[in-house]
Amino acid sequence: MELIDSLNWRYATKKFDPSKKIKPEDLETIKEAIRLTASSYGLQLYKVLVVEDPELREQLKLASWGQPQITDASQLFVFCNYAEVKDQHIDDYIDLKAEVQGLDKEELKDYGNMMKGSMTGLSDAQKSQWTAKQTYIALGNLLTACSLLRIDACPMEGFEAAKYDQILGLTEKGLNTAVIATVGYRSEEDHTQFLKKVRKPSEVLFESI
Ligand SMILES: Cc1cc2nc3c(=O)[nH]c(=O)nc-3n(C[C@H](O)[C@H](O)[C@H](O)COP(=O)(O)O)c2cc1C
């Protein structure tokens, strides 16, 4: 099966070939897979930066324990969640939904109020955690899309989020760095590609009840 073959093919790439760049149409496919990702209520409370600038990536590498993927990959994706959930975010979603689905905004008012109401019991930290969690679903789609395109990727949490926020000027935009991913093509010298996958057996991971 193509999907399972692709998921077996992929691995968290440790060493990229810096001379190989992703074709623009493949980059668009990866971005579209991220854009089509499911999110809670459909709110998509995050932004995704596609960082190509070499100077910026040198700075970010220093804030990523010096991991070479940051500068050697073709692109660096930075998933940034909104730190707060504002009524405006929900109003914007309702406007978009009304426009796309040809609905009357008034008809959606109760739905918007329900979403706003569901946020009232959450602390600021819980809201930020909730929006950050959504970005991992998009990260998963990036990894799967890349594997189907035979593009290498590395999901990464080994970075200092506060430094990323500062370097990328995120705080003033109400954003936090949640997780990152590097994409490109593996180096022949990356020995990790030859290692067998380590995964729990199905009977341990799953339980039918
Ligand atoms: C959220 C997340 C964060 C990760 N952070 C890093 C990282 O900072 N650096 C790295 O080299 N690999 C990182 N990895 C890769 C994992 O170590 C890897 O996915 C895991 O060992 C399974 O191996 P595989 O992806 O090659 O099958 C991360 C993976 C995930 C999902």
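All conditions in (1) closer than 13 Å to THR182 by Cα; (2) away from the ligand (no atom under 16 Å from the Cβ) hold for GLU58, with the sole exception of (1).
Sort out which residues of region 132-166 are within 13 Å of CYS80 (Cα to Cα), more than 16 Å from the ligand (Cβ to nearest atom) and surrounded by 15 or more Cβ atoms within 10 Å (Cβ to Cβ), and write them in order of number. ASP165, the sole residue that qualifies. Taken together, the residues in region 189-208 that are among the β-branched types (Val, Ile, Thr) and more than 12 Å from the ligand (Cβ to nearest atom) amount to 1. Restricting attention to region 63-96, the residues that are surrounded by fewer than 17 Cβ atoms within 10 Å (Cβ to Cβ), touching a residue at least 24 places away in the same chain (Cβ under 8 Å) and not in a loop (DSSP other than H, G, I, E, B) total 1.
Answer with yes or no whether LEU205 is at negative phi, of a type in the set (A, V, I, L, M), surrounded by fewer than 20 Cβ atoms within 10 Å (Cβ to Cβ) and modelled with pLDDT of 95 or more. Yes. Hey, among the residues in region 1-26 that are free of Cβ contacts under 8 Å to residues at least 60 places away in the same chain and over 26 Å from HIS191 (Cβ atoms), which one's surrounded by the fewest Cβ atoms within 10 Å (Cβ to Cβ)? Out of the qualifying residues, it is MET1. Among the residues of region 72-80, some residue qualifies, meaning at least one is away from the ligand (no atom under 15 Å from the Cβ) and touching an Asp or Glu at 6+ places or on another chain (Cβ under 7 Å). Residue check: is GLY121 modelled with pLDDT of 95 or more, out of contact with any Pro (no Cβ under 8 Å at 6 or more places or on another chain), surrounded by fewer than 15 Cβ atoms within 10 Å (Cβ to Cβ) and not hydrophobic (A, V, I, L, M, F, W, C)? In short, no. The residues of region 175-188 that are more than 13 Å from the ligand (Cβ to nearest atom) and under 14 Å from LEU49 (Cα atoms), listed by number, are LEU175, ASN176, VAL183. Of all residues in region 1-31, those satisfying the criterion of being more than 18 Å from the chain's Cα centre (by Cα) and outside any helix (DSSP H, G or I) are MET1, LYS14, LYS15, PHE16, ASP17, PRO18, SER19, LYS20, LYS21, LYS23.
Of all residues in region 32-51, those that are surrounded by 13 or more Cβ atoms within 10 Å (Cβ to Cβ), assigned to a loop (DSSP other than H, G, I, E, B) and more than 16 Å from the ligand (Cβ to nearest atom) total 4.
The values are calculated or read from the model by the stated rules, or taken from the named source; none is laboratory data. Fair warning: this is a prediction, and the values are worked out from it, not measured in the lab. For neighbour counting, all protein chains shown are included, and Cβ atoms are generated from backbone atoms with ideal geometry for every residue, glycine included.
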